[in-house]
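The values are calculated or read from the model by the stated rules, or taken from the named source; none is laboratory data. Only a predicted model underlies this, so the values are computations on that prediction, with no experimental measurement involved. Backbone-built Cβ (ideal geometry, glycine too); neighbour counts: all protein chains shown.
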Amino acid sequence: MPLVALLDTNVWVSAFLKPTGPPGQVIAKWRRDDFRVVTSLSQLSEIAEVLSRPRLILRFKYSAGEIETFVRLIAARASIVQTSGDLKICRDPDDNEILEAAILGQSQYLVTRDDDLKRDLDLIKALRRHRVRVVSVRQFLRRLSRRKKT
């Protein structure tokens, strides 16, 4: 049975900007079907919005077409859940949307680079009740590597 993960927006953005880094390695493993991804329409919009920021485009030199292709790839391959926006367990509304998608999509992992999410013990406990573990990119890569060996 494949692992199911929700990748936080910061992971998607980092992978797009630097495909050879650890977040890019996670995306490469997903594209090889090493695990399944859950996302939401609101997260897809957030990914496109963040990548459309002029300062990022100027610094990393990519086009609107590349953003569109990337977001379409995610939408085509991921399981998309419909969030309500009703979940309020985190102070950041964008994070609440991500957390709700992880729960609704029955993700086993929320993979993030956000230290606030990784260190919020109350949030971690709340997500564990839904069988969602908050992990870093490197922790998730290690988990995938261990799984391949067994």
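Taking the range 1-34 on its own, how many of its residues are of a type in the set (Val, Ile, Thr) and in contact with a strand residue (DSSP E or B) (Cβ under 6 Å, 6 or more places away or on another chain)? Show your work before the answer.
First pass over the range 1-34, keeping only residues of a type in the set (Val, Ile, Thr): 4, 9, 11, 13, 20, 26-27.
Add one more test, that the residue is in contact with a strand residue (DSSP E or B) (Cβ under 6 Å, 6 or more places away or on another chain), and what stays is 4, 11.
Counting residues in the range 1-34 that are of a type in the set (Val, Ile, Thr) and in contact with a strand residue (DSSP E or B) (Cβ under 6 Å, 6 or more places away or on another chain) gives 2.
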May I ask you to say which residue of 15, 64 is over 17 Å from residue 141 (Cα atoms) and of a type in the set (Gly, Ala, Ser)?
64
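Let's see how each residue does on (1) out of contact with any strand residue (DSSP E or B) (no Cβ under 6 Å at 6 or more places or on another chain); (2) surrounded by 18 or more Cβ atoms within 10 Å (Cβ to Cβ); (3) touching a residue at least 24 places away in the same chain (Cβ under 8 Å):
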residue	(1), (2), (3)
111	no, yes, yes
115	yes, no, no
120	yes, yes, yes
123	yes, yes, yes
129	yes, no, no
134	no, yes, yes
140	no, yes, yes
147	yes, no, yes
Note on residue 86: of the conditions (1) touching a residue at least 12 places away in the same chain (Cβ under 8 Å); (2) over 24 Å from residue 49 (Cβ atoms), unmet is (2)
For the range 70-86, state whether one or more residues are touching a helix residue (DSSP H, G or I) at 6+ places or on another chain (Cβ under 8 Å), among the small types (Gly, Ala, Ser), farther than 15 Å from residue 8 by Cα and surrounded by fewer than 16 Cβ atoms within 10 Å (Cβ to Cβ).
yes
Just a yes or no: is a residue in the range 77-87 among the small types (Gly, Ala, Ser), at pLDDT 90 or above and in a strand (DSSP E or B)?
yes
Does any residue in the range 10-27 that is within 16 Å of residue 52 (Cα to Cα) and surrounded by fewer than 20 Cβ atoms within 10 Å (Cβ to Cβ) come within less than 9 Å, Cβ to Cβ, of a residue that is of a type in the set (D, E, K, R) and at pLDDT 95 or above six or more places away or on a different chain, and which pairs are these?
17/59
Quick one: how many residues across the range 36-67 are modelled with pLDDT of 95 or more and either surrounded by 13 or more Cβ atoms within 10 Å (Cβ to Cβ) or closer than 22 Å to residue 95 by Cα (or both)?
22
Subset of the range 16-71 [assigned to a helix (DSSP H, G or I) and of a type in the set (Lys, Arg)]:
29, 31, 55, 59
